[in-house]
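Worksheet: the structure to be examined is printed underneath.
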Amino acid sequence: MNPVRKKRLIIVLAILAGMAATVGLAVFALSENINLFYTPSEIVAGKAPQDTRIRAGGLVREGSVQRNEDALTVRFVVTDGDADVTIEYKGILPDLFREGQGIVALGRLNAAGVLVADEVLAKHDENYMPPEVGDALEKTGMLKHYEAGQEAREQEAKQ
């Protein structure tokens, strides 16, 4: 092989190896920071990993919010219309959190199937719903029920 071609081949191979190492390190570093979204149906079906930080969302079921009198611990149920998941959160909930509201919780699923959340996000205005929650509710047909409830609440507020 010609020495010039051999030198070019070595340079190209070195560049390719460097790029592969860079991509590998980036994927490894990001794998711990990726929070995948799961619907309550997927969590109940066992598709969500335990002891891994995930995002779960849906509508807070009416009458499901239980507050601990001695601590800031709150337990509530989130539904997508097909399945329910219990979420436990210790802290101060967002001001816009209420029953019938779309939320996203970030946390870890324990062995009992309860999502122990370290962060709860509620929608920021009357018309917004997180895209993942909206898609999940649309698939189960629960979005129409949610929108009807929103209209009823708006009419009630006007009176």
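The values are calculated or read from the model by the stated rules, or taken from the named source; none is laboratory data. Since the model is a prediction, treat every value here as computed from it, not as a measurement. Each accessible area value is taken on the protein alone, full model and side chains, heavy atoms only, with ligands, DNA and RNA left out. Shrake-Rupley method; radii C 1.70, N 1.55, O 1.52, S 1.80 Å.
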Ignoring everything but the protein chains, give the 1.4 Å probe accessible area of Thr52 in square angstrom, nearest 10. 60
Not counting ligands, DNA or RNA, and with a 1.4 Å probe, what is Asp95's accessible surface area in Å² rounded to the nearest 10? 150
Area accessible to solvent at Met19, 1.4 Å probe radius, in Å²: 110
The stretch 1-92 shape via C-alpha gyration tensor axes, a/c threshold 1.5: prolate
